[in-house]
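A.B. asks: The following block contains the structure, expressed as structure tokens.
The values are calculated or read from the model by the stated rules, or taken from the named source; none is laboratory data. The model shown is predicted, which means the values in this text are computed figures rather than measured ones. Neighbour counts run over all protein chains shown; Cβ positions are idealised from the backbone, glycine included.
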Amino acid sequence: MIESIPTRGRTLDMASVVYDLLEPLCLLGQQKKINNHLVSLLDVKSCDKVLDVGCGTGVLTKLISEKMNPTEGGYSLGIDAAGKMISAARKKRGNTACKFEAMAAESLSFENETFDSIVSSFFYHHIQFDLKQKAFAEAYRVLKPGGKLIIADMHIPTSFMGALTAHTSRWILFQPQIGENIKGVLPELIENEGFSYPKTVENYLGYVTVFSANKGNLF
Ligand SMILES: C[S@@+](CC[C@H](N)C(=O)[O-])C[C@H]1O[C@@H](n2cnc3c(N)ncnc32)[C@H](O)[C@@H]1O
């Protein structure tokens, strides 16, 4: 058994068994498209080291790892504070190019400047404002200079249906962290921790935004 890591974030130990069935339904069949888009934005090299923050059962981590060559030092690594998510991820998807560790995003145990790029999907609406700040600060610390940060998460809704879904889930799930996201806190938080101001790359489902930022100036 893998122990969960203490955090004030909303972890999903209880959902680990059904997560792979529920997530595609919640995203109305868009999960594959969004994940493929995130991988294309990462634009990884086979020797890169990529961190997936709040990886759940590791579907995106695995997709990234298919671009990696471990003999060249390349791998993708997913972290999640829920021990059961990490157990499920390792069992279903773990290999030398695709690794998983139980860890809290606000307290990463990696050395400074370990990763070439960092990705995160549907994680930041699970943690409250101060943890969002700490998690972005930690992402900045462990990313190499010039590295990319790619985020897909709930943000200011762009359609009536998107607003309905986002506000309903905030209240049904009693999740004020979603309320913070849909007020639009993410871009400034990302910039305040040292990244470039994130570009909005795409909107999905009227409430999910894909952001791209860098650590430092690429030019
Ligand atoms: C909605 S799931 C997203 C999973 C996956 N990235 C995906 O796109 O399907 C959010 C995940 O964040 C994890 N989580 C919550 N708080 C966390 C924290 N402080 N540090 C790391 N993971 C956390 C939960 O356990 C859960 O697996």
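A.B. asks: Hey, among Asp52, Asp116, which residue is near the ligand (Cβ under 9 Å from one of its atoms), in contact (Cβ under 8 Å) with a residue 24 or more places away in the chain and outside any loop (DSSP other than H, G, I, E, B)?
C.D. replies: Asp52
A.B. asks: So which residues in the stretch 52-84 are surrounded by fewer than 24 Cβ atoms within 10 Å (Cβ to Cβ) and polar (S, T, N, Q)?
C.D. replies: Hits for the stretch 52-84 are Asn69, Thr71.
A.B. asks: Within the stretch 85-97, identify whether any single residue is assigned to a strand (DSSP E or B) and either away from the ligand (no atom under 13 Å from the Cβ) or surrounded by fewer than 21 Cβ atoms within 10 Å (Cβ to Cβ) (or both), and answer yes or no.
C.D. replies: yes
A.B. asks: Quickly run through the stretch 172-197 and pick out the residues that are among the hydrophobic types (A, V, I, L, M, F, W, C), at pLDDT 95 or above and over 16 Å from Asn214 (Cβ atoms).
C.D. replies: Ile178, Ile182, Val185
A.B. asks: Do you know which residues across the stretch 55-84 are among the acidic types (Asp, Glu) and either within 13 Å of the ligand (Cβ to nearest atom) or part of a helix (DSSP H, G or I) (or both)?
C.D. replies: Glu72, Asp80
A.B. asks: How many residues does the stretch 10-45 contain that are of a type in the set (Val, Ile, Thr), part of a helix (DSSP H, G or I) and within 11 Å of the ligand (Cβ to nearest atom)?
C.D. replies: 1
A.B. asks: Please go through the stretch 119-137 and give me each residue that is more than 8 Å from the ligand (Cβ to nearest atom) and of a type outside the set (A, V, I, L, M, F, W, C), ordered by number.
C.D. replies: Hits for the stretch 119-137 are Tyr124, Gln128, Asp130, Lys132, Gln133, Lys134.
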